[in-house]
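*Asks:* Questions regarding the structure given below will be posed in turn.
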Amino acid sequence: MGFAMRDRVGGRERVLGDALDAARVGNADGFAWLWRAYQPGLLRYLRVLVGPAAEDVASETWLRVARDVSAYRGNADGFRVWLLRVARNRAIDDRRWVRRRPPEELVEPGWVPDTGTPDAWAGAVEQLDTEWALAVIGTLPRDQAEAVLLRVVVGLDVTGTAKVLGKRPGAVRVATLRGLRRLAEHSEIRQRGAAVGATGVTRRSAATPG
């Protein structure tokens, strides 16, 4: 049974592991499955980093990964971290980085809550279209924008995000929390959050007999 037939069998983690094993030995179907799984998140990340050059940098990233994947020895979760690190390095090396506010100096505390997401952002994000959300995240200082992108949009954990950015986990937690708090204060986030709340009230009112 070829990989293309097996990709419907088992959980996502198992399938990604099989795809990675296949890609390591030059199987095109395995590599294509990895591309389908990770390309959307990669593009979202790069759109904030390099703007219109995102497609080009993503293509260069996959070419580099295709060249080096046979030597990669990690698992599927580690592969996503490696992929994003390659993409970030390509963006920096090619000097395509979108100019934005400089990163804030962070003092790493002993402990920062990992799940401290402001309600205004959490409520509004469910209603956002992706391009609008990326544009708003792109207004953050660079360190906060990257942390929010990798943690909230791409879905990496703190450890994986720290590896991509070359930072300590505590610094990632601080940058993410500061970015989310700043987003919660964004005027458009507030407006959308209010609209979501008003819609909820309207629906509940309509469902309740007078």
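*Asks:* Rg and Dmax of segment 3-93, Cα atoms, in Å?
*Replies:* So, for segment 3-93, Rg and Dmax equal 13.0, 39 Å respectively.
*Asks:* Another question, if that's okay. Between Asp21 and Glu131, what's the calculated FRET efficiency when r is the beta-carbon distance and R0 is 30 Å? Round to 0.05. Write out the running numbers ahead of the final one.
*Replies:* Details: r = 35 Å, r/R0 = 1.16.
According to the calculation, E is roughly 0.30.
Read-outs throughout are calculated quantities, based only on the coordinates presented, and are distinct from any laboratory measurement. Not measured: the values here are computed from a predicted model. A quick note on method: Cβ atoms are made from the backbone with ideal geometry, for glycine too, and the neighbour counts reach across all protein chains shown.
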